[in-house]
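Peer 1: Mind looking over this structure? Questions follow.
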Amino acid sequence: MKSPVVKRSIVVAGHKTSVSLEEAFWNGMKEISGLRNITLSELVGEIDSNRQQGNLSSAIRLFVLDYFRTRAQAAAAPAAEAKPPIADKVS
C-alpha cells in the first residue's frame, strides 16, 4: 500500500532538509509558488521564517489551508453580495 505522505528534500535558507507532506499539499505548494513566480524552496523559506511554532510540515499545511480558504472566501463573497436579501414571512 502506498503511503499518503510523501517525503521530499528541499533547500531552505541554504540548508537541505526533508519535509513530509501529503501529495495534495505538495500540489498546492507548487500551484502557489507558480502563481507567485517563486521557487518551491523560496516559498518554503518564507513559511519557515514566518512560522510561530510547531514543525515545518505543520506550518506548510496551515499555510496551504489558509491560502485556499482565503481564495474560496474571496470567490464566494461577490456571489453572496449578488443575492437579494430573504424577506421575512409575514403571517
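Peer 1: Could you list the trypsin sites (Lys or Arg not before Pro) in region 1-69 that lie in coil according to DSSP, counting only those with at most 13 other Cβ atoms within 10 Å of their Cβ?
Peer 2: The qualifying sites are 2, 36.
Peer 1: Then there is this: If neighbour count is taken as other Cβ atoms inside 10 Å, put 18, 41 in order from fewest to most.
Peer 2: Lowest to highest Cβ neighbour count: 18, 41.
Peer 1: Under 5 Å between amide H atoms, partner at least 5 residues away or on a different chain: which partners does residue 22 have, H built in plane at 1.01 Å?
Peer 2: 6
Peer 1: Treat the count of other C-beta atoms within 10 Å as a stand-in for reagent exposure and order 19, 11 from fewest to most.
Peer 2: Result, fewest neighbours first: 11, 19.
Peer 1: First measure r as the distance between the Cβ atoms of residue 38 and residue 72, then evaluate 1/(1 + (r/R0)^6) with R0 = 22 Å and state the FRET efficiency to the nearest 0.05.
Peer 2: 0.50
No lab work stands behind these numbers, since they all come straight from the coordinates. Bear in mind that the values here come from a model prediction, so they are computed numbers and not experimental data. We place every Cβ from the backbone using ideal geometry, glycine too, and count neighbours over all the protein chains shown.
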